Structure formats: C-alpha cells, structure tokens
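Notes follow the structure.
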Amino acid sequence: VALAGLAALRASCDLVTIYAPDKVAWAINKYTPDLMTHKIKASFTVKLAKEMVKNIEKFDAVLVGNGITRKADKFCGYFVRKSTKLKVVDADGLKSLGFRDFNNSIVTPHAKELEMMLVNSKKEFLLPKLRASNTKEKAEILQGNLRYFLQNNNVLLLKGPTDIIISRNKIAFNRTGNQGMTKGGTGDVLAGLAVGFLAKTGDLFKSAAAAAFVNGFVGDLLLKQKKGYTFIASDIIEDLEKIQGMEKKFKRAKKRAEKKAAASKPVKKKVAKKKVVKKKASKKKSSKRKK
C-alpha cells in the first residue's frame with residue numbers, strides 16, 4: 001500500500017493519506033515521511049466502512065483493496081457499493097465483488113481476478129469465449145457483456161501482456177511493459193498512478209490509460225538500464241520522476257508518426273477542370289421604320 005501511495009504522489013497528487021491498522025500505519029510512517037497516515041483502531045468491518053464513506057468526502061479520489069486481505073470482504077463490499085466518490089478498486093478489494101457492485105470506479109483486475117469477478121456476476125459462461133479469443137476479440141466481448149457496469153460510469157483496466165482499457169464507448173490497448181513487471185508490487189504502483197491521475201483529472205478512462213502506459217514505459221526503461229529483469233517495484237517509483245520528460249518525448253514521437261503517416265498517403269493529382277464558356281447569341285434589335 002505504501003508503493004501505491006508513493007506512486008500517487010509521483011502522479012502529481014499534493015497530499016496522500018493512507019487509512020491503515022495502527023501497526024501498519026506506524027510502519028508506513030517509518031518507511032517514508034512523504035505519506036500521511038490515519039491510524040485505524042478497529043478491524044475492517046461494515047461499521048468502519050459506514051464511517052469511512054462519510055470521512056472520505058474531503059478527498060478527490062480513493063484507492064481501496066491494496067494489502068487489505070480477503071478478511072475485509074464485507075468492508076470492501078459495503079464501501080464500494082455505497083461510496084459515490086471517484087475511486088480505483090484493486091487486488092483483494094475485487095475478489096468478492098461482481099460487476100454490478102461498482103460506480104464511478106476504475107477496476108484493475110488481472111486475468112485470474114477477472115475470472116473471479118465474472119463468476120461472482122454469474123457470467124462464467126463468458127470464460128471459454130475469453131480464453132479462446134485474441135486481445136481485440138476479448139475487449140469486444142467484455143464491452144458487449146458488461147453494459148450495466150460500463151454505463152454506471154466505470155472503466156475496466158484488464159492487466160496482461162497487453163493491457164485492455166474499456167469504457168462504455170471506448171477501447172484502448174497498452175503494449176508498454178515486459179515480463180519483469182509480473183513481480184509483486186508493480187500492480188500497486190499501477191493502481192497508485194491511476195488514482196493519482198484520477199484525483200488530478202477526474203477522467204476515469206484517460207487516467208486508466210495513462211497509468212497503464214506510464215507504468216509499462218518506466219518498466220521498459222528499467223529493463224534497458226538494468227539489462228534484464230532484475231528491477232523491482234520500488235525502482236519504478238524512483239524512475240517515475242522522468243514522467244515529464246517522457247511526456248515531451250511521447251508528444252514528439254506522436255508528431256513524427258503523424259507526419260510519417262501523412263507522407264505515406266498517396267497524393268491525388270488535381271485535374272484541372274476545363275471551363276466551358278457558352279457564347280450567348282446576340283439579339284438583333286429589329287429596326288422600326290417610321291411611317
């Protein structure tokens with residue numbers, strides 16, 4: 001959860017507060033001075049969820065699920081259903097929920113968590129189709145069969161070799177990233193980036209797509225720097241300071257690609273149109289004789 005908080009700060013959040021059990025919160029305080037903590041005395045129960053739904057109104061966006069464990073299923077269920085705040089739901093926060101439980105959320109499952117959510121939603125009939133589909137087909141199947149979820153102002157960010165980002169009327173694919181990003185903690189960094197961008201922009205789809213791209217892009221940079229898969233999640237946090245430089249590079253690359261695409265298009269020769277000039281017959285005035 002500390003990795004997620006630090007990633008949110010790197011995504012330009014001004015303040016990040018982590019609500020955690022007393023011992024965990026003190027450990028986070030010792031780990032880094034950059035994160036504020038709210039120390040929870042009670043366990044993660046429905047009663048606590050009711051209190052937190054009221055308490056989070058002062059925040060722009062909320063992340064729930066990272067490191068919370070399956071013991072907090074009822075807490076997560078109540079909180080996700082009742083809170084209308086912009087939020088990111090990740091990890092153990094997803095495993096007991098179905099797609100009808102969400103509102104105003106970026107939901108970030110990997111393949112196994114997606115299967116659990118489909119079973120919880122009584123949509124397990126989709127599993128054989130999804131397993132036999134390529135990335136594009138998978139995105140179309142999910143968009144077509146999760147209409148209620150998507151129309152309720154939610155975005156699905158399905159993590160994988162190619163990340164799939166789906167909203168009600170958009171689909172995007174992110175191909176940045178590498179095999180080294182299957183390590184523990186990289187998903188927490190992704191969730192932290194998503195909630196950080198969401199707090200800044202308020203745009204669910206753009207925040208999810210940007211988080212997937214940036215997380216994978218930094219992972220690719222580290223793969224080159226370390227010359228292998230020896231990097232860890234905290235290395236991604238450290239290198240996220242390069243986001244500004246990456247943004248400029250990305251814009252330049254986009255412009256070059258647009259110019260290249262424009263240059264490769266066949267130029268249509270303009271055929272000069274011949275003007276046809278019609279001569280009007282001159283009317284001869286009949287001369288009137290005077291009598």
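For L63, what residues show an amide H to amide H distance below 5 Å, using hydrogens built from the backbone and excluding near sequence neighbours?
Residues meeting the amide H criterion: V88.
Using 7 Å Cα-to-Cβ label points, what is the T230/S12 separation (nm, one decimal)?
3.5 nm
Of the DSSP beta bridges with both residues in the range 2-252, give the percent that are antiparallel, rounding to the nearest 5.
35 percent
Test of understanding: in a Gaussian network model of the chain with alpha carbons linked when under 10 Å, which of G77, G93, G184 would top the mean-square fluctuation ranking?
Looking only at G77, G93, G184, the largest GNM fluctuation is found for G184.
Count charges around A211 for me, please; just the other residues with Cβ under 13 Å from its Cβ, Lys/Arg as +1, Asp/Glu as -1.
Local net charge: 0.
For N55 and Y31, calculate 0.36 nm times their separation in residues minus their Cα-Cα distance, and state this gained length in nm to one decimal.
6.1 nm
Based solely on its DSSP helices, what 222 nm [θ] is calculated for the chain when runs of n ≥ 4 H residues each add -39,500 (n - 2.57) and the sum is averaged over all residues, nearest 500 deg cm²/dmol?
-14500 deg cm²/dmol
Just need the relative contact order of the chain here, percent rounded to a whole number, with Cα pairs under 8 Å and 6+ apart.
The value is 17 percent.
Could you identify which residue out of G228, G98, G180 has the top mean-square fluctuation in a GNM of the chain using Cα springs shorter than 10 Å?
In the Gaussian network model the winner is G228.
Where the only charges are on Cβ atoms (+1 Lys, Arg; -1 Asp, Glu), what is the dipole of the chain about its Cα centre, to the nearest 20 debye?
Dipole size: approximately 5220 debye.
What does the charge count around K129 come to, taking other residues whose C-beta lies under 15 Å from its C-beta (Lys +1, Arg +1, Asp -1, Glu -1)?
0
Tell me the label only: which of (1) 24.5; (2) 21.5; (3) 22.5 is Kirkwood radius over Cα pairs in Å as calculated from this structure?
Correct label, based on the coordinates given: (2).
Quick one: net charge of S43's neighbours, Cβ under 12 Å, K/R +1, D/E -1?
+3
Read-outs throughout are calculated quantities, based only on the coordinates presented, and are distinct from any laboratory measurement. Since the model is a prediction, treat every value here as computed from it, not as a measurement. Every residue, glycine as well, gets a Cβ built from its backbone with ideal geometry; the counts of neighbours run over all protein chains shown.
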